[in-house]
Amino acid sequence: MAGLELSDIRKQYADISVIHGVDLSIPDGAFTVFVGPSGCGKSTLLRMVAGLEEISSGTMTIGGRVVNEVEPAERGVAMVFQTYALYPHMTVAENMGFGLRMTGTAKSEIKTRVDAAASILKLEPYLQRKPKALSGGQRQRVAIGRAIVRNPEVFLFDEPLSNLDAELRVAMRVEIARLHQELGTTMIYVTHDQVEAMTLADQIVVLRDGKIEQTGAPLTLYDDPDNVFVAGFIGSPRMNFIKGKVESSDGPTRISLSEHDELLERPLEARPSPGTDVLVGLRPEHFAKGGEGSLSLRVDVVEHLGGASYIYAEPSSGAQTSATDLPPVVVEARTARNVREGETFTAHYDPLDALVFDVASGLRLR
Ligand code: ADP
Ligand code: MG
């Protein structure tokens, strides 16, 4: 097992800079997820950990050893890719043991390790099958088995579930969580899917445009985002953002929500100056709790999920949020079976649940 330290890691392809100075501590034994939109540099960063991409500058240590110049095979890492790339003419057992055979491991040792991995992954019944006789999920398990037999100090996963259908993805997600519990090995997992990040991670690293936006435990990022990007990226349905302007900050901060013809009043240590443009962030479920704050809304569409309903709404003042590049407000309601399109209603929230972001910088005003 090993922890990792990334210090001012940068990646440059010719004159294009894609990773702009990443500082990150990955604790020994933790499950860390790199999440962010497509193209933000997740794979590049992971491949630099694996040694498949050269590090342009900065220092990377694995288990206390600087690995910048260390060959991939010598780093104690094993990687699982999105495409399983199994050898079609080899059995499951041969596929899993292939890497060990290449490094000259004794046959009996290979068998022991393949059997152990097959037992963890429940692949015992399939060891003599060829990949074409396996389902997608079983193939991905073989690819994970190939990593396990190498007994790595760090597992690296690059979107390993993206090729699977939705149901299988959820099942495999649980398998991977169980695998981490069972092995206790450091794991770094790349995904663009914030639900995978939330459910798997001890620590989430949110990346955008080659930079870390925020690092933290899943619920810390959910409850206490540092900026509007993280607030909007983590959570489904997304956090609602409502345009506001600071009226005054002596005493509690007063923010006018002009599209809704409402005023929000809540204490903020930041005391933003009057006239500051802000976005007020409220999650759909904040409305289900109710409170002193209110928004006057008109129902656009209702989705009934059974246990809860999501009401997509516009300000009842007539202002069109869609005309101002903000999506409709989504309100979670526990009892809204009779809500009809076109109806107006008042959604209540606790002002202390409202997060405030500075429009100019995108940063949270606490
Ligand atoms: P992600 O995995 O988050 O989708 P990547 O790490 O694959 O993103 O890519 C990050 C950025 O680096 C992208 O803009 C991509 O176009 C660029 N990139 C990746 N590989 C190369 C390369 N070999 N040469 C030039 N640019 C690259
Ligand atoms: Mg990628």
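No lab work stands behind these numbers, since they all come straight from the coordinates. Keep in mind the model is a prediction, meaning the values are calculated, not measured. Cβ placement follows ideal geometry from the backbone for every residue including glycine, while neighbour counts extend to all protein chains displayed.
Values as computed for the structure displayed
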| quantity | calculated |
| --- | --- |
| Long-range HN-HN contacts of residue 12 with modeled amide H, under 5 Å | 18, 56 |
| J(HN,Hα) series, the stretch 226-235, from Karplus relation 6.51 cos²θ - 1.76 cosθ + 1.60, nearest Hz, glycine and proline x | 7, 8, 5, 5, 5, 4, x, 7, 8, x |
| Dimensions in Å of the stretch 1-155 - Rg and Dmax from alpha carbons | 17.2, 51 |
| Compactness of the stretch 146-190 as Cα Rg over 2.2 N^0.38 Å, two decimals | 1.17 |
| Ranked 22, 77, criterion: other C-beta atoms within 10 Å, fewest first | 22, 77 |
| Protection-proxy order for peptides 223-229, 273-279, each taking the mean of Cβ atoms within 10 Å per residue, highest first | 223-229, 273-279 |
| Selection of GluC sites (Glu not before Pro), the stretch 1-100, meeting DSSP coil and at most 12 other Cβ within 10 Å | 54, 69 |
| Footprinting exposure proxy for 56, 38 (fewest neighbouring C-beta atoms within 10 Å first) | 38, 56 |
| Relative exposure of 32, 44, judged by other C-beta atoms within 10 Å (fewest first) | 44, 32 |
| Inverse of mean 1/r across different Cα pairs in the stretch 193-288, Kirkwood, Å | 14.8 |
| P(r), alpha carbons of the stretch 22-86 - 5 Å bins starting at zero, rounded % | 3, 14, 26, 28, 19, 8, 2 |
| Antiparallel DSSP beta bridges within the chain, percent to nearest 5 | 75 |
| Approximate spin-label separation residue 12-residue 263, in nm, with each point projected 7 Å along Cα-to-Cβ | 5.5 |
| In degrees, nearest ten, helix 92-102 long axis to first principal axis of the chain (Cα) | 70 |
| The chain - charge dipole about Cα centre, Lys and Arg +1 at Cβ, Asp and Glu -1, debye rounded to 20 | 1580 |
| Karplus-derived 3J(HN,Hα), 6.51/-1.76/1.60, for each residue of the stretch 237-251, Hz, glycine and proline x | x, 4, 5, 7, 10, 10, 5, x, 9, 6, 8, 7, 9, 7, x |
| Separation in nanometres of the label points that stand 7 Å from Cα toward Cβ, at residue 300 and residue 171 | 3.7 |
| Options 222, 48, 38, ranked by Cα towards positive dipole end of the chain, top entry (Cβ charges) | 48 |
| Residues in the stretch 188-230 reached by a label modelled at residue 363 [backbone nitrogen below 11 Å; 7 Å Cα→Cβ] | 227 |
| 24 Å Cα-Cα reach of residue 107 towards lysines, excluding residues that sit fewer than 8 places from it in its own chain | 122, 130 |
| Spatially proximal lysines relative to residue 245 (Cα-Cα < 22 Å; intrachain offsets below 8 disregarded) | none |
| For the chain, convex hull volume per residue from C-alpha positions, Å³ | 168 |
| Reachable lysines from residue 243, criterion Cα separation under 24 angstrom, eight or more residues apart if same chain | 289 |
